[in-house]
Structure formats: C-alpha cells, structure tokens
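Participant: Handing you a structure now.
The values are calculated or read from the model by the stated rules, or taken from the named source; none is laboratory data. From a predicted model like this one, the values you see are computed outputs, not experimental measurements. Just the protein is used for accessible areas: all its heavy atoms, side chains included, with ligands, DNA and RNA removed. Shrake-Rupley method; radii C 1.70, N 1.55, O 1.52, S 1.80 Å.
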Amino acid sequence: MYILVPWKPVVLVWGLLSGMILVGFVASSVLKGQDPFAPGATITHSSAVKAGAAQAGQQPKHSHKAARTPSQ
C-alpha cells in the first residue's frame with residue numbers, strides 16, 4: 001500500500017527555508033566584513049573606506065579667507 005504525499009508543497013517549503021538560511025548567512029557574513037564564499041577571507045573595501053574617512057577627518061581644513069586680498 002502506498003502513502004500519497006503531496007510533494008510540491010513540501011519542496012516549496014524546504015526551498016523557502018533553505019533560501020532564508022542562505023540569505024541570513026550571506027547577510028551576517030557581509031555585516032561582519034567577511035566574504036561569505038571565501039573561507040578565512042575578509043573584505044578590505046569597507047575598512048579601506050573607513051581608514052580613508054578617518055584620515056580625511058584629521059587633515060586641517062583650509063579657510064578660503066586666507067586667499068582674499070586685504071582690499072576686499
């Protein structure tokens with residue numbers, strides 16, 4: 001005797017759960033600054049942007065008033 005199982009809903013739910021797990025893993029890895037598909041690798045782009053912004057913030061800001069002549 002055969003047990004009839006509606007496989008289409010089972011496959012759809014299984015695929016949906018697998019997709020959610022995959023998206024969560026990739027999002028978690030990206031938020032940590034790691035490449036999700038390269039074991040042990042880290043993404044250096046975000047750290048380079050942060051380092052560049054920190055250096056730009058430390059530079060003295062030049063005033064445009066120094067370029068004016070006394071007659072103005």
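Participant: Given 0.36 nm per residue, what is the gain on full extension from residue 25 to residue 13 after removing their alpha carbon distance, in nm? Please report the intermediate quantities before stating the final value.
Facilitator: On the way: separation 12, 0.36 × 12 = 4.32 nm, distance 1.84 nm.
Result: 2.5 nm gained on full extension.
Participant: Top to bottom by accessible area (1.4 Å), largest first, where do 3, 21 land?
Facilitator: Numbers: 3 150, 21 120 Å².
Descending accessible area places them as 3, 21.
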